[in-house]
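What follows is a set of notes on a single structure, which appears directly below.
The values are calculated or read from the model by the stated rules, or taken from the named source; none is laboratory data. Being a predicted model, the structure only gives us computed values, none of them experimental. Cβ placement follows ideal geometry from the backbone for every residue including glycine, while neighbour counts extend to all protein chains displayed. All accessible areas refer to the heavy atoms of the entire protein, side chains included, with ligands and DNA or RNA removed. Shrake-Rupley method; radii C 1.70, N 1.55, O 1.52, S 1.80 Å.
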Amino acid sequence: MIKMRTPQALVAQRQKMRDSMDPRRRRIRVCDGTGCRALGSRRVLDRLCETLREAGLSGEIEVVPTGCPGFCELGPLVSIDPQNIAYNMVSVDDVPVLVAKTIAQGEIIDGLVFVDPVTGQPIIHEGELPFYAKQMRRVLELNGQIDPSRIEDYIAHDGYAALSKALYEMTPEEVIHGVKASGLRGRGGAGFNTGAKWRFCRDAPGEVKYIICNADEGDPGAFMDRSILEGNPHCVLEGMIIGAYAIGATQGYVYIRNEYPLAVQNLKIALEQAHEYGLLGESILGSGLGFDIEIRVGSGAFVCGEETALMASIQGEIGEPRPRPPYPAQSGLWGRPTNINNVKTWANVPLIVRNGPDWFASVGTENSKGTMIFSLVGKISNTGLVEVPMGISLRELIYDVGGGMPVGKEFKAAQIGGPSGGCIPKEHLNVPIDYESVTALGAIMGSGGLVVCDEDTCMVDLARYFLNFTQEESCGKCVPCRVGTRAMLETLERICAGQGRDGDIEYLIELGEEVKRSSLCALGGTAPNPVLTTIRYFREEYEAHIYERRCPAKVCKGLITYHVVAELCTGCMICARNCPAGAVYGEKGQPHVIDLSLCTRCGLCKSLCNFDAIVVR
Amino acid sequence: MVDFEPTKLAEALAKGQGEDSLMAVLEEIQTQYRYLPQDAMILVSERLGLPLSQVYSVATFYHAFSLVPRGEHTIHVCTGTACHVRGAVQVLNRLQTRLGVGPGGTTADRQFTLETVNCLGCCALGPVVVLDGDYQGRMTPKMVDRLLKRATTQLGEQP
């Protein structure tokens, strides 16, 4: 490997790599992200290589492990080029047929292609899948296309061209001006103008400055940052190096969750390769810019996603936030000016520098430019990772991209922004997704987690779930968050247990507003949001719990009972044998009965029953 | 369980220096011993020149650290939002019943430690359970039995 010492060297490298990659070459892309791995994609990958070798085809066909293309619902995903055939839910057993038919004879296997649920027609090509049709994949463009462990792939796809342009054709001032003019706002959730933030840090006095990439993606139900770091780590590194040049930083850190081992691994590989090519370290691309990046792996504390807590954690202290000001731009890591951005924010930077601010701003609404990446999860047909233009309506996002609700289910609400966010109900489905509109409805844009709820989701239970999360993750430093969230949680637990009292709703609102107002950091400052928005839009559910002692979604344990439908019960005894409370009795072959005084409402009998003979009332 | 070996600790300590390496050192010890032995924390405090109270506060703040010995195998149940709405609680209940320990607990024979994790980011596959780094998607209470059986067969003993 030769260190590249001039922009021309980079261009030459790119040309060399492109020459070695025939666009008509035959290759099989297999998603190697955490999602597909959990479904067995590693075994598919190994079997594929083995089968191709046995068939004597390994020389002709390249097998590429890629990052997540996003359609997690149908994993393991396998794509075949140059035809662009998209196979989904591929198992190890499908591999021999895939090689014998599709690879050797060019035949399409019906059972492996996507079938449009509306038309019933098979869709063969990746680009024609409705899941991708309304997406605008800018940041995620290369996810699923390139091998994340090969910097060569990234360079061949114009990787590090933006860095070269920034270093040799632009002043730091011009880079900042461009980022500012593009209208890029922080994708971590707060939505502050990125260029303006960089400006503060650049202008702050001090010789030593730091930049940080916040990859402590702790929101349950969100995996955007994980997928980018797994599938295309170099785009984040490139963004950070450009940022270092613009801000005048000499050292960068990526603070990443330890729950994301594959992302850490791919990031480490990317850092090593960037060093080998002279894209990190001393005099990057021969420009004289010296900059390096270190990885810091978090140790499982949600609050470390908050910038001041994150910096404390990097310094080896406990991750407690501190009051701001001073802001990190004045006094951050070890008291030096520091700029922190989210993974997605950094990943947008090379695109802006390469294509110009106008290109970036050509998409979006007046105050929210560019695209937004969401992880669509919960009760939705197409669970996965999507990138859509800002301003798309919630309806389009859920129904056109997300494929709507599973058969027979009705949309109830979308929970946006995780434990810091709120829910948007059916009547606001047409809301355009941008920072201001979402905030006006009481939710927050957040970093992109979107959980879809249907009529089987109890909104009181959901609020309790999120508050339980934030309560556990509260660092305990400030009283409003430590005590306030606990008091709110206790009230919600009481309501869910069927012991709600008159005045509980008003108490939750009053306390929630106070916790929001007086907490030290954003964790406490946003923790009441899920409670407040569910009360705002689903007050009748709270009232049903409190005044009618009824959980309309049949979720809350204290308000439901399990019963055996005698006509359906075959007396197989599976429920009786497995009931942890010994609450089910009956003779073999005879309908069973549940003793409600012993039943703990764990639901195990219902999930084990093979005859749907157990119902909830 | 691995006995406490100061030589291994010395290796861990050699990798880090100064206050900002405290977490890295503790992570290394946690990885090697699967918990933070008290003697190790005292040694870390002496070597890094930090008050023991500071070492202890970091050790108890982060979920990744444990002050009690952990099992040979760790089972993580994801309780993230997507897993929650898809029935992670039932899966967790089943594991608790089968192992006889709650989240954070270790079986008496030190074979299994049961943990919950807030989100692993493979939400399409919920409920997700991870056995020693091996992800299992779309878990059901029924599958718990198979998972434990497989784990114990690999071990060659009963839980």
- Message: Whether any residue in region B:141-150 is facing chain A (nearest Cβ under 8 Å) and assigned to a loop (DSSP other than H, G, I, E, B) is what I want to check.
- Response: no
- A:VAL555 meets each of (1) in a loop (DSSP other than H, G, I, E, B); (2) surrounded by 17 or more Cβ atoms within 10 Å (Cβ to Cβ); (3) without any contact (Cβ under 8 Å) to a residue 60 or more places away in the chain with one exception, condition (3)
- Give B:LEU22, B:LEU92 a once-over and let me know the one that is part of a helix (DSSP H, G or I), within 25 Å of B:TYR135 (Cα to Cα) and within 11 Å of chain A (Cβ to nearest Cβ). B:LEU92
- Item | Which listed residue is β-branched (Val, Ile, Thr), at pLDDT 95 or above and not in a helix (DSSP H, G or I), from A:VAL90, A:VAL118 | A:VAL90
- Note on the structure: For B:ASP145, the lone unmet condition from (1) touching a Ser or Thr at 6+ places or on another chain (Cβ under 9 Å); (2) open to solvent by 10 Å² or more (accessible area, probe 1.4 Å); (3) more than 27 Å from A:GLY221 (Cβ to Cβ) is (1)
- Which of the residues spanning region A:584-604 are more than 10 Å from chain B (Cβ to nearest Cβ), closer than 15 Å to A:LYS557 by Cβ and surrounded by 13 or more Cβ atoms within 10 Å (Cβ to Cβ)? A:ILE594, A:CYS599, A:ARG601
- Task: Check A:GLU73, A:GLU60, A:GLU54 and return the single one that is open to solvent by 30 Å² or more (accessible area, probe 1.4 Å) and touching a residue at least 60 places away in the same chain (Cβ under 8 Å).
- Result: A:GLU73
- Message: Taking the conditions exactly as written (under 19 Å from A:GLY498 (Cβ atoms) and either in contact with a Pro (Cβ under 8 Å, 6 or more places away or on another chain) or within 12 Å of chain B (Cβ to nearest Cβ) (or both)), does A:GLU548 satisfy them or not?
- Response: no
- Task: Would you mind stating whether A:GLY35 is within 12 Å of chain B (Cβ to nearest Cβ) and of a type outside the set (A, V, I, L, M)?
- Result: yes
- If you scan region B:124-135, which residues turn out to be out of contact with any Ser or Thr (no Cβ under 6 Å at 6 or more places or on another chain), surrounded by 24 or more Cβ atoms within 10 Å (Cβ to Cβ) and at the interface with chain A (Cβ under 8 Å from one of its Cβ atoms)? B:LEU125, B:GLY126, B:VAL128
- Restricting attention to helices (runs of 4 or more DSSP H) lying wholly within region A:412-508, give those where 1 or more residues are within 25 Å of A:ASN193 (Cβ to Cβ). A:435-440
- Query: Could we say that A:THR491 is closer than 15 Å to A:PHE302 by Cβ and among the polar types (S, T, N, Q) here?
  - Reply: no
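Rundown of residues vs (1) touching a helix residue (DSSP H, G or I) at 6+ places or on another chain (Cβ under 7 Å); (2) more than 30 Å from B:ARG138 (Cβ to Cβ); (3) modelled with pLDDT under 95, yes/no style:
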| site | (1), (2), (3) |
| --- | --- |
| A:CYS31 | yes, no, no |
| A:VAL44 | yes, no, no |
| A:GLY56 | no, yes, yes |
| A:PRO69 | no, no, yes |
| A:PRO76 | yes, no, yes |
| A:ASN84 | yes, no, yes |
- Message: For region A:290-302: of the residues being at pLDDT 95 or above and crowded, with 20+ Cβ neighbours inside 10 Å, which is farthest from the other protein chains (Cβ to nearest Cβ)?
- Response: A:PHE291
- Query: Which members of region A:93-115 meet the condition of being free of Cβ contacts under 8 Å to residues at least 40 places away in the same chain and assigned to a strand (DSSP E or B)?
  - Reply: A:VAL115
- Query: When you scan region A:488-508, how many residues do you find that are under 30 Å from B:PHE61 (Cα atoms) and open to solvent by 20 Å² or more (accessible area, probe 1.4 Å)?
  - Reply: 3
- Of the conditions (1) out of contact with any Asp or Glu (no Cβ under 6 Å at 6 or more places or on another chain); (2) open to solvent by 30 Å² or more (accessible area, probe 1.4 Å); (3) more than 14 Å from chain B (Cβ to nearest Cβ); (4) not basic (Lys, Arg), A:GLU410 fails just one. Which one is it? (1)
- Since A:GLY189 meets every condition but one in (1) open to solvent by 10 Å² or more (accessible area, probe 1.4 Å); (2) at negative phi, which condition does it not meet? (2)
- Among the candidates A:GLY370, A:GLY378, A:GLY356, single out the residue that is within 24 Å of A:CYS423 (Cβ to Cβ) and in contact (Cβ under 8 Å) with a residue 12 or more places away in the chain. A:GLY378
- Task: Scan region B:40-71 residue by residue and report those that are within 18 Å of the chain's Cα centre (by Cα) and either within 9 Å of chain A (Cβ to nearest Cβ) or on the phi > 0 side of the Ramachandran plot (or both).
- Result: B:VAL58, B:THR60, B:PHE61, B:TYR62, B:HIS63, B:ALA64, B:PHE65
- Which one is farthest from the other protein chains (Cβ to nearest Cβ), of the residues in region B:97-115 that are surrounded by 19 or more Cβ atoms within 10 Å (Cβ to Cβ) and of a type in the set (Ser, Thr, Tyr)? B:THR106
